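Everything on this sheet refers to the single structure shown next.
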Amino acid sequence: MTDDELIAAALAAKARSYSPYSRFAVGAAVVAGGRIYDGANVENASYGLALCAERVAVAKAAMDGAGAIDAAAVATDASPPASPCGMCRQTIAEFSPDPARVRVILVNPAGERREFTLAELLPHGFAAADLRR
């Protein structure tokens, strides 16, 4: 899977966003098990019920039985490209055994691009190991 394919999937998903309230369209794509899973944000008049694009993409991968997430791309119109919210970072981390190896690529339609590891975005994330007593 190339970065260009992952980015194209995130940008295409952004075009399918349902964001009538914020007008902040977000598209995301994750690579898991050699496949790309996409998602777009889906808002709700009751703001707390909104779904983030990243969580939609991860949920699609999980429902398909995909294993670990290898990389993610997030597309917005923001400049510089916007980063995933904390809830989305934690959701990606749930399916990332080694956050230092999971790349997160942030893009916008103007071609701006930023890249981080999940560990850089979520340096002290909560993991299953933290539940052990």
Restrict the check to segment 107-124 and report whether at least one residue is more than 15 Å from residue 7 (Cα to Cα), of a type in the set (Gly, Ala, Ser) and surrounded by fewer than 22 Cβ atoms within 10 Å (Cβ to Cβ). yes
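Would you check which residues across segment 95-106 are assigned to a strand (DSSP E or B), crowded, with 19+ Cβ neighbours inside 10 Å and not β-branched (Val, Ile, Thr) and list them?
106, the sole residue that qualifies.
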Just to check your reading of the model, which residue among 31, 107, 26, 74 is of a type in the set (A, V, I, L, M, F, W, C), out of contact with any His (no Cβ under 7 Å at 6 or more places or on another chain), in contact (Cβ under 8 Å) with a residue 40 or more places away in the chain and over 24 Å from residue 126 (Cβ atoms)? 107
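Since every read-out is calculated from the coordinates, none of them should be taken as a lab result. None of these values were measured; they are calculated from a predicted model. Glycine gets a Cβ as well: all are built from the backbone with ideal geometry, and neighbour counts include every protein chain shown.
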